[in-house]
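All of the numbers you see were taken from the coordinates with simple rules; none came from a lab. Because the structure is a prediction, the values reported are computed rather than measured. Cβ sites come from the backbone with ideal geometry, for glycine too, and all protein chains shown count toward neighbours.
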């Protein structure tokens, strides 16, 4: 939830011309939807919590892609100043990491609630290093009940946006491969196209 609030906050760094409606709109939508999401979680309504979580992630994903499209379209017209381009590129790059980390966290192995109920993570779309340890090593390291948290998926998303690969965490399923290709394309467009253009005209 904090990651999606951060996404809404990062949107405030974008010029008005690169967003749908006022810059604070996504932050407001996220803040409003978090209330019933937390309520559903506390009441044990896992299905409603999951649906609202998907809705939140879909809203910030759509907004990010739309803003990136507007920014790329604005490049030839030179409507945005170099400083605005750099600030927008940085905001979209960080948003890209947080948005896809949220998707990986929500979709892997049935989602956070399903992983929590299982107690220990042994199977999923990602092969985390802790999953490859033998039982004795896990016990010695205190990792016998290890399960990935949001920070693990954030690390994967950060690596995909910077190194264009998951580095230490192999991908086992097709859906995260498609998401990672999309994330890499967005990162490449943001870093190579926008940041390079802004630096070139400084």
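So here's what we get for this one:
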{"item": "Degrees, to the nearest 10: 174-188 long Cα axis against longest axis of the chain", "result": "30"}
{"item": "Anisotropy class of the range 63-103 from Cα gyration tensor, a/c 1.5 cut", "result": "oblate"}
{"item": "Gap separating the Cα centres of the range 1-68 and the range 80-110, nearest whole Å", "result": "13"}
{"item": "Residue order, fewest to most beta carbons within 10 Å, for 131, 180, 64, 141", "result": "141, 131, 180, 64"}
{"item": "Exposure proxy order (Cβ contacts within 10 Å, fewest to most) of 116, 16", "result": "16, 116"}
{"item": "Relative contact order (percent, whole number), the range 2-200, Cα cutoff 8 Å, 6+ residue spacing", "result": "24"}
{"item": "Degrees separating the helix 82-107 axis from the principal Cα axis of the chain, which is the longest one", "result": "20"}
{"item": "Theoretical ellipticity at 222 nm over the chain - DSSP helices of four or more residues, -39500 (n - 2.57) apiece, nearest 500", "result": "-21000 deg cm²/dmol"}
{"item": "Gyration tensor verdict on the range 53-131 (Cα atoms; rounded if a/c is under 1.5, prolate if a/b is larger than b/c, oblate otherwise)", "result": "prolate"}
